[in-house]
Amino acid sequence: MITHSTRRTRVVLPALLLGWATAVTSGFAILLRYKTTPGEATQPLQRWPSHSRLTPSSDLATLVLFAHPHCPCTHASVSELARLMSRVSGRVVAYVVVVRPPGVPEDWDDTELRRRAAAIPGIRVIRDGEGLEAARFGAAVSGLTLLYDEKGQLRFAGGITASRGHEGESFGGRRILAVLAGETPDRQDAPVFGCALGASANVGVEEGS
Amino acid sequence: MSVAVSEQAVQAIVRRAEERYGVERLRLLVATDHLFGALMVGQWIFGIFVALTFSPFAWEGKVKALHMHVWTAVLLGAAISSLPLALIAWRPGAAVTRHVIAAAQMLWSALLIHLSGGRIETHFHVFGSMGILAGYRDWPVLITATVVVAADHIIRGLVWPESVYGIVNPEWWRFLEHAFWVVYAISFLAVLCRRGVRDMRAIAERGAELEALSESEWRTASVLDRSKEAGTSEAHAAGAPVARERIAAR
């Protein structure tokens, strides 16, 4: 059985190995590309929107994370938010805005993701009916995290995961920590990996302008 | 003459021991191949289950579509398991089969880590797989697995370091820390593999000796019985001493 070696085997086996290696490598390359492709980039408001139902802190920074309640990628953002909050406890007021697109049933956003967010110490979960808050802030992608200083000035806008639905340290998380530590980060943004929220981001831009 | 016969007997036992070892080793390799065959199918089903559990749908507002992870689990998972399964059916026990299985097993680790969203717990799959691969008692298989892990780390470490090391700007020596734990695991597993092979050889040698002993005793007894029946002493004089020498030669 082992010693069986024919010309056919000598040709077929390397071909199979090559074909297999190519197929598997291509598959991983496609997966890697998908995981590292961010969502649609938007321009969030530079100042806290005056029409927002959310109350910003006047003596602490305010962090807002927009979440699609069913987005699997956002679970990683919530995990990273939990880690972030454990490091900046008492230095920031934080909201998770659960975005509900228009025309969905009442219990549509009663999901594990919302419950996980609500369980993070120091987090206030806000249900955003019709996606109005998302529109006001100019949020289009789930996982977008905004950090405003106590004067209402935007200091960071971006994602806090390294890729789509992948836990671990990210540039976004580091930049938020830098801002909260009173340092100036190298950039004030980071790519956002998540599902489309389904709210019109343009409303926020128009309102702010 | 008796020295020549003893030498022949020893060579016969050595040949038989090698034969027994070969048969047992092949049986072990084929059985381990089949174990991995079941694992390849099981991991594929598990991968699809993980994808459907963690990330069934991608959403755009209230519109959902099957998530990329589900497609990946079905198609890439099938691709990873396909060649190992084909080789297990086509060339069970062959070296190429177990080396492909080792590579595929490490690729499964990478895929499951992706499908579970990079959970640290899923990284244990790498070390668990190394332990199962040691079941082949063939340490080069562990080297193949290590090469695949290293290639994955090097490529991803260059293009996407945070997915490997969990931090965005790892120190240059960080890969050595990861490599150390893999080398630590396979070093001891390789020693255990060699020990396992040595034990298999010892068992094969003892089996061959027992076979030879039984055979010689049977032959001696047969000759004695025949000589009794024939009432002659020639047969005893010619056969028994040779048989006894062959036994004594061991």
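Taking A:Arg87 as meeting all but one of (1) outside any loop (DSSP other than H, G, I, E, B); (2) farther than 17 Å from A:Ala61 by Cα, write down the number of the exception.
(2)
Please find, within the stretch A:111-121, the residue that is surrounded by the most Cβ atoms within 10 Å (Cβ to Cβ) out of those that are part of a loop (DSSP other than H, G, I, E, B), in contact (Cβ under 8 Å) with a residue 24 or more places away in the chain and more than 13 Å from every other protein chain (Cβ to nearest Cβ).
Restricting to residues being part of a loop (DSSP other than H, G, I, E, B), in contact (Cβ under 8 Å) with a residue 24 or more places away in the chain and more than 13 Å from every other protein chain (Cβ to nearest Cβ), the top hit is A:Ile120.
Pairs please, first residue from the stretch A:54-78 and part of a helix (DSSP H, G or I), second anywhere and among the charged types (D, E, K, R), Cβ atoms under 9 Å, 6+ apart in sequence or on different chains.
Between residues of the stretch A:54-78 that are part of a helix (DSSP H, G or I) and residues that are among the charged types (D, E, K, R), the close pairs are A:His75/A:Glu112; A:His75/A:Arg116; A:His75/A:Glu167; A:Ala76/A:Arg164; A:Ala76/A:Glu167; A:Val78/A:Arg116.
Can you name every residue in the stretch A:1-53 that is of a type in the set (A, V, I, L, M), over 21 Å from the mean Cα position of the chain (by Cα) and not in a helix (DSSP H, G or I)?
Hits for the stretch A:1-53 are A:Met1, A:Ile2.
Each row is one residue, and each column tells you yes or no for (1) at pLDDT 95 or above; (2) of a type outside the set (Val, Ile, Thr).
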site: A:Val12; (1), (2): no, no
site: A:Tyr34; (1), (2): no, yes
site: A:Pro44; (1), (2): no, yes
site: A:His70; (1), (2): yes, yes
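Just one of (1) more than 14 Å from chain B (Cβ to nearest Cβ); (2) touching a strand residue (DSSP E or B) at 6+ places or on another chain (Cβ under 8 Å); (3) closer than 18 Å to A:Ala196 by Cα trips up A:Gln43, so point out which.
Against the list (1) more than 14 Å from chain B (Cβ to nearest Cβ); (2) touching a strand residue (DSSP E or B) at 6+ places or on another chain (Cβ under 8 Å); (3) closer than 18 Å to A:Ala196 by Cα, A:Gln43 comes up short only on (2).
Of the residues A:Arg124, A:Arg100, which single one is buried (at least 16 other Cβ atoms within 10 Å of the Cβ) and among the charged types (D, E, K, R)?
A:Arg100 is the lone residue from the list that is buried (at least 16 other Cβ atoms within 10 Å of the Cβ) and among the charged types (D, E, K, R).
B:Ala89 is checked against (1) surrounded by fewer than 18 Cβ atoms within 10 Å (Cβ to Cβ); (2) more than 9 Å from chain A (Cβ to nearest Cβ); (3) at pLDDT below 95 and fails just one. What number does that condition carry?
Tallying (1) surrounded by fewer than 18 Cβ atoms within 10 Å (Cβ to Cβ); (2) more than 9 Å from chain A (Cβ to nearest Cβ); (3) at pLDDT below 95, B:Ala89 fails exactly one: (3).
Just wondering, is there one or more residues in the stretch A:187-195 that are at pLDDT below 95 and not in a loop (DSSP other than H, G, I, E, B)?
Checked against the condition, which is being at pLDDT below 95 and not in a loop (DSSP other than H, G, I, E, B), the stretch A:187-195 yields at least one hit.
Across the stretch A:160-186, what is the number of residues that are in a loop (DSSP other than H, G, I, E, B), within 18 Å of A:Thr62 (Cβ to Cβ) and within 14 Å of the chain's Cα centre (by Cα)?
Result for the stretch A:160-186: 1.
Restricting attention to the stretch A:144-168, which residues are away from chain B (no Cβ under 14 Å) and under 21 Å from B:Ala58 (Cα atoms)?
Selection gives A:Leu144, A:Thr145.
If A:Asp128 passes every condition in (1) within 13 Å of another protein chain (Cβ to nearest Cβ); (2) outside any loop (DSSP other than H, G, I, E, B); (3) touching a Lys or Arg at 6+ places or on another chain (Cβ under 8 Å); (4) within 16 Å of A:Ala61 (Cα to Cα) but one, which one does it miss?
Checking A:Asp128 against (1) within 13 Å of another protein chain (Cβ to nearest Cβ); (2) outside any loop (DSSP other than H, G, I, E, B); (3) touching a Lys or Arg at 6+ places or on another chain (Cβ under 8 Å); (4) within 16 Å of A:Ala61 (Cα to Cα), the one that fails is (4).
Considering only residues of the stretch B:10-46 that are within 12 Å of chain A (Cβ to nearest Cβ), touching a helix residue (DSSP H, G or I) at 6+ places or on another chain (Cβ under 9 Å) and surrounded by 14 or more Cβ atoms within 10 Å (Cβ to Cβ), which is farthest from A:Arg100 (Cα to Cα)?
Taking the candidates together, the pick is B:Arg25.
With B:His69, B:His114 as the choices, which residue is at the interface with another protein chain (Cβ under 8 Å from one of its Cβ atoms) and either touching a Pro at 6+ places or on another chain (Cβ under 8 Å) or at pLDDT 95 or above (or both)?
B:His69
A:Leu60 is checked against (1) of a type outside the set (Ser, Thr, Tyr); (2) more than 8 Å from chain B (Cβ to nearest Cβ); (3) out of contact with any strand residue (DSSP E or B) (no Cβ under 6 Å at 6 or more places or on another chain); (4) surrounded by 12 or more Cβ atoms within 10 Å (Cβ to Cβ) and fails just one. What number does that condition carry?
For A:Leu60, the exception is condition (3).
Out of curiosity, is A:Thr22 within 14 Å of another protein chain (Cβ to nearest Cβ) and touching a residue at least 24 places away in the same chain (Cβ under 8 Å)?
no
The values are calculated or read from the model by the stated rules, or taken from the named source; none is laboratory data. Only a predicted model underlies this, so the values are computations on that prediction, with no experimental measurement involved. Using ideal geometry, Cβ is built from the backbone for each residue, glycine included, and neighbour counts are taken over all protein chains shown.
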